[in-house]
1. Within the stretch 232-250, which residues are out of contact with any Ser or Thr (no Cβ under 7 Å at 6 or more places or on another chain) and of a type outside the set (A, V, I, L, M)?
2. Checking S170 against (1) surrounded by 16 or more Cβ atoms within 10 Å (Cβ to Cβ); (2) under 22 Å from E82 (Cβ atoms); (3) not charged (D, E, K, R): exactly one of these is not met. Which one?
3. Given the conditions (1) closer than 13 Å to N71 by Cα; (2) of a type in the set (G, A, S); (3) part of a helix (DSSP H, G or I), which single one is not true for S170?
4. Please indicate, with yes or no, whether at least one residue in the stretch 233-242 is under 19 Å from G45 (Cα atoms), crowded, with 22+ Cβ neighbours inside 10 Å and among the β-branched types (V, I, T).
5. Considering every residue within the stretch 180-188, establish whether at least one is on the phi > 0 side of the Ramachandran plot and at pLDDT below 95.
6. Would you mind telling me which numbered condition in (1) over 15 Å from the mean Cα position of the chain (by Cα); (2) not in a helix (DSSP H, G or I) I159 fails?
7. Look at the stretch 181-199 and say how many of its residues are more than 14 Å from C47 (Cβ to Cβ) and part of a strand (DSSP E or B).
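The values are calculated or read from the model by the stated rules, or taken from the named source; none is laboratory data. Every value quoted in this text rests on a predicted model; they were computed, and no experiment measured them. Quick reminder, even Gly has a Cβ in these numbers, built from the backbone with ideal geometry, and neighbours come from all protein chains shown. Just so you know, the surface numbers come from the protein's heavy atoms only, side chains and all, with ligands and any DNA or RNA stripped out. Shrake-Rupley method; radii C 1.70, N 1.55, O 1.52, S 1.80 Å.
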Amino acid sequence: MGEMNLKILASDYDGTLFFGEEEPNFRERDIKAIQEFQKAGNLFGICTGRPYQGITSFIPESIHLDFYILNSGAVVIDQKGEEILKMAIPLQTFQDMWKIYPDLPYFVMTEDKMYVRELLGNKPSNDRMRIFEKPLDLADKEILGISFHVDEDEELQKILATLQQFPTLSVFQNRNDIDCVAAGCSKSTGLKVLQQHLNLNDQQVACIGDSYNDLPMLSGIQESFTFHTSPEVVKASAKYLVDDIAMCIQTLLKTS
């Protein structure tokens, strides 16, 4: 690793690679471009707010991921499958959040499972999900991420502003979701950890994302891409505007 011809591309998952409202959910032109990128000796991976089990269960066999940057940068797994970073949220921090917002539909991510509150019909959807009632139920777990959905934007912004005052948290908006991870973590810091691990320079590292939680990555990585359809503030943070991952990869291969 570290040769000047190697490039890595870190892609956001939801709304960038995976499109839940489309059929199929993964675009064939993106898949073909990813395969071409990897065939040329480069690495393609995910940089997402999701946990590991929230990715591996859904990625088709036609897409091989060379690395994982998970839980908004709190977990990084390299191309050999080795965990090179893991940072957890203190249980006390979750308890403090709970005191202020006891009725939020919390979705808690740990290393091996995801925990949900049985609130407003929210139930586990697979065998890797469990119900919890209070933070102390997770006292023996490493909490790698906490997320929840807020329908009303005004309420979302108030909660976001409050949680951003917690010194032990990094907090990001992802459209109508709020993602919380350990302080100091972001998609940008996770990608930087991988970059240093692989001994790559800034020109060898690229990223693509479409939403607000991608802002640290888009502004912190030199070769950054987003879509023409992304929110204006997201477009303003990226170096390149493209239609899709396929166009992003075309640009990267041309500059090889």
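1. Of everything in the stretch 232-250, those that are out of contact with any Ser or Thr (no Cβ under 7 Å at 6 or more places or on another chain) and of a type outside the set (A, V, I, L, M) turn out to be E232, D243, D244, C248, Q250.
2. In the conditions (1) surrounded by 16 or more Cβ atoms within 10 Å (Cβ to Cβ); (2) under 22 Å from E82 (Cβ atoms); (3) not charged (D, E, K, R), S170 misses (2) alone.
3. All conditions are met except number (3).
4. No, because not a single residue in the stretch 233-242 is under 19 Å from G45 (Cα atoms), crowded, with 22+ Cβ neighbours inside 10 Å and among the β-branched types (V, I, T).
5. Among the residues of the stretch 180-188, not one is on the phi > 0 side of the Ramachandran plot and at pLDDT below 95, which makes the answer no.
6. Every condition holds for I159 apart from (2).
7. Total meeting the criteria: 1.
Residue by residue, here is whether (1) open to solvent by less than 10 Å² (accessible area, probe 1.4 Å); (2) within 21 Å of D214 (Cα to Cα); (3) of a type in the set (A, V, I, L, M, F, W, C); (4) in a helix (DSSP H, G or I) holds:
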| residue | (1), (2), (3), (4) |
| --- | --- |
| N5 | no, no, no, no |
| E22 | no, no, no, no |
| N25 | no, yes, no, no |
| R29 | no, no, no, yes |
| I46 | yes, yes, yes, no |
| P51 | yes, yes, no, no |
| S72 | yes, yes, no, yes |
